[in-house]
Amino acid sequence: MHSYLILIYKESIFDTPTYKTLIKMLAHFPHAATLYIWDNSPTAKHSEYIDLDVEDLKVSYFHSARNENLSIVYNQVMKMAFNAGSDYLTLLDQDSYLPKDFKSSIGNISSSCLLLPKVCSDKTGEIISPRYQRYNYLLNHCNISFLANNIDAGIYTSKSLFAVGSGMTIPKAL
């Protein structure tokens, strides 16, 4: 089973590109899944029960008016997802876009690796994540090494690796 977390703030889940593209992906590649919706809005955007009427999709909604730190949200949902039998947890922001082949593209990758998506700039088309970077505290400067746009999936060294969280998939085995 695969779990997805969408973190929302001051927006209905139904209005987010993440939800819309997740539903399209599930229609294209059906699989048993759980959707965790974490609402960090000051006022809840939904009631506790959300029925999405999508086959093989369970939904859990949580509201925290405190705008919880991401580390707290990620660790709580990870514990719930893996205790409920999920093999993977994908972390998503409310403004992410999932391609239709997202699930099928990670199906043949080793379950002991952290899976990072390619995130490209809307303006330049260049990959902005993942990338390698080193911060020089003495000079207050960050050296960034961008990856080539045609980079293939594979195992890469994690030393000095930087990646945005949205789209990151964490296997239970990891």
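Here is a check on your reading of the model: is SER47 at pLDDT below 90 and closer than 20 Å to ALA153 by Cα? Against the criterion (at pLDDT below 90 and closer than 20 Å to ALA153 by Cα), SER47 does not qualify. Screening TYR97 with (1) open to solvent by less than 60 Å² (accessible area, probe 1.4 Å); (2) within 17 Å of GLY165 (Cβ to Cβ); (3) among the aromatic types (Phe, Trp, Tyr) gives one miss only, at (1). Every condition in (1) of a type outside the set (Phe, Trp, Tyr); (2) farther than 22 Å from ILE155 by Cβ; (3) open to solvent by 60 Å² or more (accessible area, probe 1.4 Å); (4) in a loop (DSSP other than H, G, I, E, B) is met by SER86 except one, and the failing one is (3). Take the residues in the range 1-23 that are open to solvent by less than 20 Å² (accessible area, probe 1.4 Å) and part of a helix (DSSP H, G or I), then tell me which one is farthest from ARG66 (Cα to Cα). The extreme case among them is LEU22. If the condition is being open to solvent by less than 40 Å² (accessible area, probe 1.4 Å) and closer than 19 Å to LEU22 by Cα, then the range 61-82 contributes TYR61, VAL77, ALA81. In this entry, LEU26 passes the filter for residues that are more than 20 Å from GLY165 (Cα to Cα), open to solvent by less than 40 Å² (accessible area, probe 1.4 Å) and in a helix (DSSP H, G or I).
The set of residues from the range 93-110 being assigned to a loop (DSSP other than H, G, I, E, B) and of a type in the set (Gly, Ala, Ser) comprises SER96, GLY107, SER110.
Here is a yes/no grid of residues against (1) under 16 Å from the mean Cα position of the chain (by Cα); (2) without any contact (Cβ under 8 Å) to a residue 24 or more places away in the chain:
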site	(1), (2)
LEU91	yes, no
CYS113	yes, no
PRO130	yes, no
TYR135	no, yes
PHE146	no, yes
ILE155	no, no
VAL164	yes, no
GLY167	yes, no
ALA173	no, no
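Inside the range 111-159, residues that are under 30 Å from SER86 (Cβ atoms), assigned to a loop (DSSP other than H, G, I, E, B) and polar (S, T, N, Q) make up a count of 4.
Summed over the range 113-154, residues that are loosely packed, with under 10 Cβ neighbours inside 10 Å, at pLDDT below 85 and more than 22 Å from MET25 (Cα to Cα) total 4.
The values are calculated or read from the model by the stated rules, or taken from the named source; none is laboratory data. Everything numeric here is computed off the predicted structure, so don't read it as measured data. With ideal geometry, Cβ positions are generated from the backbone for all residues, glycine too; neighbour counts draw on all protein chains shown. Surface accessibility is based on the protein's heavy atoms, side chains included, excluding ligands, DNA and RNA. Shrake-Rupley method; radii C 1.70, N 1.55, O 1.52, S 1.80 Å.
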